[in-house]
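Enquirer: My questions all concern the structure below.
The values are calculated or read from the model by the stated rules, or taken from the named source; none is laboratory data. Predicted model, so just to flag it, every value in this text is computed and none were measured. Neighbour counts run over all protein chains shown; Cβ positions are idealised from the backbone, glycine included.
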Amino acid sequence: MINRSVKALVPTHTVLEGGGFKVRRPVAMGALMSPFLLLDEMGPVNYGPKEAIGAPSHPHRGFETVTYMLEGAMQHADSAGNSGDLNPGDVQWMTAGRGIIHSELPHPDFYDAGGVMHGFQIWVNLPAKDKMMEPRYQDIPSGDLPTVESTDGKVWAKVVAGEAMGAKAVIDTVIPIQYIHYRMKEDSHIDHKVGSDLNAMVYVFGGEIEINGKVVEDGQLALLDEGDTIDIASKEGGEFLILAGPEINEPIARYGPFVMNTRQEIHQAVIDYQNGTLA
């Protein structure tokens, strides 16, 4: 077994997205590690009554968006007539494919009452052969997502995609993806297995951990080198995401909510959106 080491630490900065909600985002994320295009930590933000905001209707084509709620409640709707709620612990894996127009707004009850909003949105690129596939949703409630604990009770994980400590995901992914939410107590350790053919990174959003002896703190993204195991320890406790996926190794043409392979395809996506034929 070859332990992966940290080859780079990427800091985060806070930006405003959608209707103006705050997200913490790794600097220069878009060009860092295939197949992931974006990693946004949404909040945590404590909204007063009628203060919460979201992302009104907007289009996507050529990639996937993955929304994982930790606190708060969102409501989505799209141009195909789909709609649903996202509550704490829920995941929505949306494959935009050839095109979808959707909105992500605070749930009306949450909007009226206020509270803490916290979660993640990840963008996953699609290979050229899948960019124009039919759109699909996978809305997975928290109770259906596998969770697992280490035998000593010091390490907890929720498996969004892939596998961790013997627990396997229920979500179907177009390409092989690992998306694991880990929580570690004081003086804990885990060896997380990840295929040597996958790129891997770790985002810490609470406390701190050590990856193969290298300290990674809250708000840092660790890009990992090659190997098949991630040796993770925590002296004080930490919370983080592990993300892994294949190197797609294709040209990327990107314009706002469209991610294709050529500028001509981007131009066509814009035309389709303007003509009302994208979705």
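Enquirer: Scan the strands (runs of 3 or more DSSP E) fully inside segment 54-134 and keep the ones with 2 or more residues being polar (S, T, N, Q).
Expert: 63-71, 91-95, 115-125
Enquirer: Does any residue of segment 207-224 turn out to be under 14 Å from Gly162 (Cβ atoms) and either surrounded by fewer than 17 Cβ atoms within 10 Å (Cβ to Cβ) or modelled with pLDDT of 95 or more (or both)?
Expert: no
Enquirer: Also: Checking the condition surrounded by fewer than 22 Cβ atoms within 10 Å (Cβ to Cβ) and modelled with pLDDT of 95 or more, which residue from Gly237, Gly256, Gly245 passes?
Expert: Gly237
Enquirer: Which residue, of Asn82, Asn87, is in contact (Cβ under 8 Å) with a residue 12 or more places away in the chain, over 15 Å from the mean Cα position of the chain (by Cα) and under 21 Å from Phe63 (Cβ atoms)?
Expert: Asn82
Enquirer: Specify which of the listed residues (Ser234, Ser196) is more than 22 Å from the chain's Cα centre (by Cα) and either closer than 18 Å to Asn3 by Cα or not polar (S, T, N, Q) (or both).
Expert: Within the list Ser234, Ser196, the selection yields Ser234.
Enquirer: So Asp109 clears everything in (1) acidic (Asp, Glu); (2) at pLDDT 95 or above; (3) crowded, with 18+ Cβ neighbours inside 10 Å except one condition, right? Which one?
Expert: The number of the failed condition is (3).
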